[in-house]
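For reference, the structure discussed in these notes is given below.
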Amino acid sequence: MWLTAMASMAAGSANASQESAEPGSYQDLVSLFAQWRAFEQPPDREGAPDYTAATFTQRHAELKAFQQRLAAINPVSWPVEQQVDYQLVRAEMNGLDFYIRVLQPSARDPAFYTTVWTDQNDTPAHDGPTHHHLAELWTYEYPLSLTAQAKLAAELSIIPPLLEQARLNLTGNARDLWVTGIGSMQKQVEALDALAEKTAGSGKGLRQATREAREATASFVGWLGQQAPSKDGSSGIGKDNYTWNLRNVHLIPMTWDEEVDLLKRELARAHASLKLEEERNRALPLLPAIATPEEYQVRANEAVTKFIAFLKDRDMFPMRDYMDPALRAQMGEYVPIEQRNFFAIATHYEPLTLYTHFYHWWDLAQMRDDPHASPIRRGALLYNIWDNRAEGMATAMEEFMLHAGLFDDSPHTREIVWIMLAQRAARGLASLYAHANQFDIQQAQAFQVKWTPRGWMRPDLDLLGFEQQLYLRQPGYGSSYVTGKYLLENLMKDYADKLGAQFTLRRYFEDVNRAGMIPVSLIRWQLTGQDDEIRSLNQAP
């Protein structure tokens, strides 16, 4: 696993210089980080990661020792960049504390036990709680080599013991998490069926591992279904816990109530802006939807070309060689009209609207090709701590580019940008109400459908269920798109104020990117020197 490899690499670097490091030095932090990441990996139990209640109780006590060691390091005299790293380590340790005390995915959320993943995420790590030994099918080249077959068979072999353990661990009463988790595990059955067909010519070891994993998953789905009628509890974590997670794990200087106010405002602004755009454009011909696969490919390629040229010609973005190929690899394909979900509807009117959101793929390319100098920022932060930066920038880029003029030659396309913002505000607001236990998941979905313009989010879409399930599983993720956008807008204001006439959009993007995939509050501190947000986060909310 990448976590183990990273911890080993950092530990080796730390041990080499530990003798010369002063107590309480930055090198002590790097060494502690390596040990923390190694500790964060759970022990094994009968061939699978151990998520039993007894082990979590023991690990929670051991976590306190790590937190005490961190507290003994005083970073106040360090450069800001190193103080930022200290806050990241603190946030990760708080993340495990929150998982054990409140979220308890191994006890409340059957989807936590999903092992097989068919597609790459567009974010630094999976968006939501996952266990520690996954089978990432998208990383393999098919047909599989003998070495790859053995590796994949080993990854699949943990599924039977893990799901047996899950029957002991899943003692929670969160009905919506339980019911939606059944659907997640059924999708694993389907993924394993597809894998079996795809690798039918492979050796006996992989075929047996796939079959046993499939049988164990199907049996687990049946068990979940049997237990479901007894589950009648709420799935939200409550306002106070939600706020604690925002402030202490994701380092967002807001509360549940403040996020509600922000998302209400953004939902209203998106709808009002859409109506004004429609008025402005009412005499113009409507946008035609893409009608054939051939037209889709032409329009998609044209959109990427236009976007890259726009950024380059205006010198508003630090151009990199990976940007064009990263977008072209994610252009998607034609979808028949009756099968289009919200994002497919948007891209079949104008692919460029969603491609601005694909800033994600530039982030991933940068992490791969130009890793951060700090070992603490080099890989993905745990517990989705990166969410407000990753999703916030991807969402902000849509409106940034609208205001910068990318869609001036296609006025109706501007309307789609506002529709996308309304959808993200609606789904985020619904998730906030769900975590306050004011909505169940059906009410959250209905709210999202109601406030997404033009009927583009329908009750029958799989996307609707996926999104609200994810946001229920990962508190704060549903709001992070809009909250992160707001924080990045605020950062642009403060950075422009600091730089004065020296400010450019290119410098803004370059310096934000250079800071790494970390919470925006920390990027703001590093770029502007303003530490008011982080000081407020280090106090009780």
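The values are calculated or read from the model by the stated rules, or taken from the named source; none is laboratory data. Everything numeric in this text was worked out from a predicted model, so none of it was measured. Because the Cβ atoms are built from the backbone with ideal geometry, glycine has one as well, and the counts that use them run over all protein chains shown.
If a residue must be more than 20 Å from G95 (Cα to Cα) and part of a helix (DSSP H, G or I), how many such residues does the stretch 341-391 contain?
27
Taking into account only those residues within the stretch 453-463 that are touching a residue at least 24 places away in the same chain (Cβ under 8 Å) and surrounded by fewer than 24 Cβ atoms within 10 Å (Cβ to Cβ), which is farthest from V249 (Cα to Cα)?
R454
Could you list all residues from the stretch 437-452 that are touching a residue at least 24 places away in the same chain (Cβ under 8 Å) and under 21 Å from the mean Cα position of the chain (by Cα)?
I441, A444, Q448
Tell me which of these A148 doesn't satisfy, since it passes every other one: (1) aliphatic (A, V, I, L, M); (2) out of contact with any Lys or Arg (no Cβ under 8 Å at 6 or more places or on another chain); (3) in a helix (DSSP H, G or I); (4) in contact (Cβ under 8 Å) with a residue 40 or more places away in the chain.
Answer for A148: the failing condition is (4).
Pull up the stretch 279-330, narrow it to residues that are crowded, with 17+ Cβ neighbours inside 10 Å and of a type in the set (V, I, T), then point me to the one that is farthest from T356 (Cα to Cα).
I290
Is it the case that the stretch 494-511 has a residue that's closer than 20 Å to T123 by Cβ, crowded, with 24+ Cβ neighbours inside 10 Å and under 23 Å from the mean Cα position of the chain (by Cα)?
Scanning the stretch 494-511 turns up no residue that is closer than 20 Å to T123 by Cβ, crowded, with 24+ Cβ neighbours inside 10 Å and under 23 Å from the mean Cα position of the chain (by Cα).
Just one of I523, I518 is assigned to a loop (DSSP other than H, G, I, E, B), crowded, with 16+ Cβ neighbours inside 10 Å and among the β-branched types (V, I, T); which is it?
Being assigned to a loop (DSSP other than H, G, I, E, B), crowded, with 16+ Cβ neighbours inside 10 Å and among the β-branched types (V, I, T) holds for just one of I523, I518, which is I518.
Out of curiosity, is I376 more than 22 Å from A289 (Cα to Cα), aliphatic (A, V, I, L, M) and surrounded by 17 or more Cβ atoms within 10 Å (Cβ to Cβ)?
The answer is yes for I376.
L463 versus (1) touching an Asp or Glu at 6+ places or on another chain (Cβ under 8 Å); (2) at pLDDT below 95: which is the lone unmet condition?
(1)
What's the number of the only condition in (1) assigned to a helix (DSSP H, G or I); (2) touching a Lys or Arg at 6+ places or on another chain (Cβ under 9 Å); (3) of a type outside the set (S, T, N, Q); (4) loosely packed, with under 13 Cβ neighbours inside 10 Å that A270 fails to meet?
(4)
Restricting to the stretch 1-60, what's the tally of residues that are outside any helix (DSSP H, G or I) and at pLDDT 60 or above?
The number of residues fulfilling the criteria is 15.
Can you pull out the residues in the stretch 81-123 that are under 25 Å from Q67 (Cα atoms) and part of a loop (DSSP other than H, G, I, E, B)?
Result: Q104, single match.
Does Q468 count as under 21 Å from the mean Cα position of the chain (by Cα) and farther than 19 Å from A270 by Cα?
So Q468 passes the test.
Cβ-Cβ distance below 7 Å, separation of 6 or more or different chains: which pairs start in the stretch 367-394 with a residue that is among the aliphatic types (A, V, I, L, M) and end on one that is surrounded by fewer than 23 Cβ atoms within 10 Å (Cβ to Cβ) and part of a loop (DSSP other than H, G, I, E, B)?
M367/P124; A380/P124; A380/A125; A390/T123; A390/P124
Mind checking which pairs have a first residue in the stretch 259-288 that is under 19 Å from L421 (Cα atoms) and a second that is among the hydroxyl-bearing types (S, T, Y) and loosely packed, with under 13 Cβ neighbours inside 10 Å, Cβ under 6 Å, 6 or more apart or different chains?
none
Against the condition in contact with a His (Cβ under 9 Å, 6 or more places away or on another chain), closer than 30 Å to R506 by Cα and buried (at least 22 other Cβ atoms within 10 Å of the Cβ), how does G428 come out, does it pass?
Taking the combined requirement at face value, the residue does not satisfy it.
Would you point out which residue out of L168, L177, L146, L134 is surrounded by fewer than 21 Cβ atoms within 10 Å (Cβ to Cβ), at pLDDT 95 or above and within 30 Å of E391 (Cα to Cα)?
L134
With of a type in the set (V, I, T), buried (at least 24 other Cβ atoms within 10 Å of the Cβ) and in a helix (DSSP H, G or I) as the only criterion, which of T395, T413 stands out?
Of the residues listed, the single one that is of a type in the set (V, I, T), buried (at least 24 other Cβ atoms within 10 Å of the Cβ) and in a helix (DSSP H, G or I) is T395.
All but one of (1) out of contact with any His (no Cβ under 7 Å at 6 or more places or on another chain); (2) over 23 Å from A515 (Cα atoms) hold for P49; which doesn't?
Evaluating P49 over (1) out of contact with any His (no Cβ under 7 Å at 6 or more places or on another chain); (2) over 23 Å from A515 (Cα atoms) leaves (1) as the failure.
Kindly check whether there is at least one residue in the stretch 112-131 that is farther than 29 Å from M367 by Cα and either touching a residue at least 24 places away in the same chain (Cβ under 8 Å) or crowded, with 20+ Cβ neighbours inside 10 Å (or both).
No - not one qualifying residue is present in the stretch 112-131.
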